[in-house]
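Colleague: The structure is given below, and queries will be raised subsequently.
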Amino acid sequence: MFPEFPTLRHDLAKQLHTLFEQMVEAKAPLFAKIPIVAQHEGTLHSYDRIGADSKTEGQEQIAIPIPFNVDEVPELVGDKLLAKLDGLAAELAQKKMELFDRKFRETTEEVGNAFNANGAPLTQDMFLSVLERVDMEFGRDGKPTAEFFPSSIRLREVIDTWHMDRTFKERYEAIIGRKRDEWRDRESNRKLVD
């Protein structure tokens, strides 16, 4: 019988779990910007929505199969272990993005903020039209607290090049200015509770 090292096993498992979370986050960077909220009891959660009724819904499970062969265990160290974790992280990141895209689509349709380009490529006018529909919040520095973060890196690069166009940038800044004023109006009219 082999000796047990429970503390070492626990520490290694914790380190692998942290590494795996970092790998998933690197493959789906959008989730690094979304705060995690721990729910300590119950299976339902409710939240308020601007432009629609409050919503109550349950949790959704995201799962991926973890193929495991006992014969590979002795050699599943170093680069082989990292490669296996990387493959699993890619699968989990893809599942998380699929869930996010589906929930995002459902929510925007429910509150009336959906925009369908009918397969046409995104233009500056379309982008600015979508931006007009979004309610924004601003920090003390006057900048939006949540940035518009497309899930596609290619789309992000296109939008970044648009910001070099002076006309686009002026139109963009005008929209942000109006949104800032709307936010200030909302904040100055909200009811404070003791």
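Colleague: If R₀ is 45 angstrom, what is the calculated FRET efficiency for the pair E109 and E72, using the beta carbon separation as r and rounding to 0.05?
Modeller: In this case the efficiency is close to 0.50.
Colleague: Once phi is turned into θ = phi - 60°, what whole-Hz ³J(HN,Hα) does the Karplus curve with 6.51, -1.76 and 1.60 give for every residue of region 157-165, x standing for Gly and Pro?
Modeller: Values, residue by residue: 5, 4, 5, 4, 5, 4, 5, 7, 7 Hz.
Colleague: Turning to a different aspect of this structure: Less than 26 Å apart at the alpha-carbon level, and either on another chain or at least 8 residues along: which lysines does that give for K169?
Modeller: K33, K143, K179
Colleague: Sticking with this one: Quick one: compute the contact order of region 124-189, relative version, from alpha carbon pairs under 8 angstrom and 6+ residues apart, as a percent.
Modeller: It comes to 41 percent, rounded to a whole number.
Colleague: Still on this structure: Starting from the amide H of F138, placed 1.01 Å from N in the peptide plane, find each other amide H under 5 Å away whose residue is 5 or more places distant or on another chain.
Modeller: T145
Colleague: Which entries of K27/K55; K27/K95; K55/K103 have Cα-Cα distances beyond 19 Å here?
Modeller: K27/K55
Colleague: Here's a follow-up. H163 to F100: FRET efficiency via 1/(1 + (r/R0)^6), r the Cβ-Cβ distance, R0 30 Å, to the nearest 0.05?
Modeller: 0.75
Colleague: In debye, nearest 20: dipole of region 6-111 around its Cα centre with unit charges on the Cβ of K, R (+) and D, E (-)?
Modeller: Its charge dipole is roughly 180 debye.
Colleague: Let me ask something additional. For a distance above 27 Å, tell me the whole-number percent of Cα pairs in the chain that qualify.
Modeller: Cα-Cα pairs in the chain separated by more than 27 Å: 50 percent.
Colleague: Given the Cα atoms of region 6-111, and with Rh set as the inverse mean 1/r over their pairs in the Kirkwood sense, what is Rg to Rh to two decimals?
Modeller: 1.07
Colleague: Any aspartates and glutamates with Cα under 18 Å of the K84 Cα? List them, leaving off those in the same chain fewer than 8 positions away.
Modeller: Hits, sequence-local ones excluded: E21, E25, D71, E72, E75.
Colleague: Using a 10 Å cut-off on Cβ atoms, rank the peptides 34-43, 103-112, 64-73, 81-90 from the highest mean neighbour count down.
Modeller: Put in order of decreasing packing, that is 81-90, 103-112, 64-73, 34-43.
Colleague: Next question, about the same structure. What is the ratio of the Cα radius of gyration of region 124-189 to 2.2 N^0.38 Å, where N is its residue count, to two decimals?
Modeller: Normalised Rg, Cα atoms only: 1.17.
Colleague: HN-Hα J couplings of region 68-75 from phi, Karplus 6.51/-1.76/1.60, θ = phi - 60°, integer Hz, Gly and Pro as x?
Modeller: 9, 10, 4, 5, 7, 4, x, 9
Colleague: Something else: Let's see if you can work this out: charge +1 on each Lys and Arg Cβ, -1 on each Asp and Glu Cβ, no other charges. What is the dipole magnitude of the chain about its Cα centre, in debye to the nearest 20?
Modeller: Its charge dipole is roughly 500 debye.
Colleague: Cα centroids of region 126-141 and region 64-112: how far apart, whole angstrom?
Modeller: Taking the Cα centre of each part, region 126-141 and region 64-112 sit 32 Å apart.
Colleague: So what's the back-of-envelope 222 nm ellipticity for the chain, counting only DSSP H runs of four-plus at -39500 (n - 2.57) apiece and dividing by all residues, rounded to 500?
Modeller: -17500 deg cm²/dmol, from helical runs alone.
Colleague: Here's a follow-up. Report relative contact order for region 22-128 in percent, whole number only (criteria: Cα-Cα under 8 Å, sequence separation at least 6).
Modeller: That works out to 32 percent.
Colleague: Given Cα pairs under 8 Å that are at least 6 residues apart, what percent is the relative contact order of the chain?
Modeller: 18 percent
The numbers here are math on the coordinates, done by the rules we state, and not lab data. On a predicted model such as this, the values are computed, not experimentally measured, just so you know. Here the Cβ is made from the backbone with ideal geometry for all residues, glycine too, and neighbour counts use every protein chain on show.
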